[in-house]
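Here, each number is a calculation from the coordinates, and none is a lab measurement. Since we're looking at a predicted model, the values are computed, not measured. Every residue, glycine as well, gets a Cβ built from its backbone with ideal geometry; the counts of neighbours run over all protein chains shown.
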Amino acid sequence: MSNQQSAPAGRSLSKSIAVGLLLGGAFLLSVLIYKELFMVLAAAAAGAGAWELSTALRIKGWYVPRVPSVVGAVLIMPAAFYGGAEAQWLVSLGTVAALILWRTVHLLWERRQAPMQAFRTTVRDFAASAFVVIYLPLMTSFAILLLRRPEDGALWVIAFVVTVSMIDTMGYLVGRKLGKHQMAPGVSPKKSIEGLMASIVGGTTSSFAFVVWGFHGAWWQGLLFAAVMLLAAVFGDLAESLIKRDLGVKDMSSLLPGHGGVMDRMDSILPAALIAYLFASIFFPIAQ
């Protein structure tokens, strides 16, 4: 979620718009017409994001195996698409186990550290490796589980992505023009209270419209969906800001012209995918 008071330095607005339109078109095509393409796009995003995050962690001293991180991140998507939640969790846990095994073998091969130092380093690296898997590919795969819902899966995916986009866009535009009061100066100084208010308006409008008119839900369900989507988007955005601050980077990469890295564009989407899946499962369960 962007509640920025000024445009990001060094980014081309025209490139940003062009990439945004291209990604938006590919998203709609994959969700509405060819769902296997959505799985491929999600796998590509998860793999690229895992590479970005593991690379950034390695630069700061955490040893996160990149190859198994990327391979596991990619495989979680078809597992969720074809096998559902059971396969999703099986591959996710298998990826974490593979990363731990890879790191253990690497540590035994090197044998350069004292036993206690090696233990502390190993525990730290294990935690970082598990974080890479849980934070990005596992969260992303909940969008695929949502898409698997018969009849309304595509609309649910569109609903949560559009809602998060409205939260992002309204927060950025209003925060850039009118933002004067910082929301979290210690974490992300460019985000403003004014931008947050605009995000609330944009997210509530989108959520209410989708839930009440799209899914024929009650008015309070529309407001509740707006609230949880807003919390998820804000949490994802601030979490990404904290990660980048701790890693000492402005963007996770320069893979997407005008946008930074894949993770820079998915910060709000990641937790929102999980929350949207849980919301739909609880309040709009699939008839057996």
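General observations
- Förster radius 51 Å - calculated FRET efficiency between Leu32 and Lys60 (Cβ-Cβ, nearest 0.05): 0.80
- By average C-beta atoms within 10 angstrom, highest first, the peptides 48-56, 136-144: 136-144, 48-56
- Around the amide H of Gly217, modelled in the peptide plane, lie the amide H atoms of Val212, all under 5 Å away and 5 or more residues distant in sequence or on another chain.
- Linear extension gain, Phe284 paired with Leu242, 0.36 nm per residue minus alpha-carbon span: 11.7 nm
- Estimated FRET transfer efficiency when R0 is 35 angstrom, pair Leu178-Leu23 (beta carbons, to 0.05): 0.80
- Tensor-based shape of the stretch 49-93 (alpha-carbon gyration tensor, a/c under 1.5 rounded, otherwise prolate or oblate): prolate
- Interchain or long-range residues, amide H under 5 Å from Ser192's placed H: Asn3, Met183
- Derived scalar couplings between HN and Hα for the stretch 229-243 equal 5, 5, 4, 5, 5, 5, 4, x, 5, 5, 4, 4, 4, 5, 4 Hz in order, rounded to whole Hz, by the Karplus curve 6.51 cos²θ - 1.76 cosθ + 1.60 (θ = phi - 60°), x for Gly and Pro.
- You can think of it this way: the chain between His106 and Thr169 has 18.3 nm of extra reach, that is 0.36 nm per residue less the Cα-Cα gap.
- Taking a ≥ b ≥ c as the square roots of the eigenvalues of the Cα gyration tensor, the stretch 34-148 is classed as prolate, since a/c reaches at least 1.5 and a/b is larger than b/c.
- Across the stretch 170-176, coupling constants 3J(HN,Hα) worked out from phi with the 6.51/-1.76/1.60 Karplus curve, θ = phi - 60°, read 5, x, 5, 5, 6, x, 5 Hz, and Gly and Pro carry x.
- C-alpha center-to-center spacing [the stretch 34-66, the stretch 191-212] in angstrom: 29 Å
- Under a model in which nothing but the beta-carbon of Lys, Arg (+1) and Asp, Glu (-1) is charged, the stretch 34-148 shows a dipole of about 380 debye around its Cα centre.
- Among His106, His216, the order by Cβ neighbours within 10 angstrom, fewest to most, reads His216, His106.
- From phi via Karplus (6.51, -1.76, 1.60), per-residue ³J(HN,Hα) for the stretch 83-100 in Hz, x at Gly/Pro: x, x, 5, 4, 5, 4, 5, 4, 5, 4, 5, x, 5, 4, 4, 5, 5, 5
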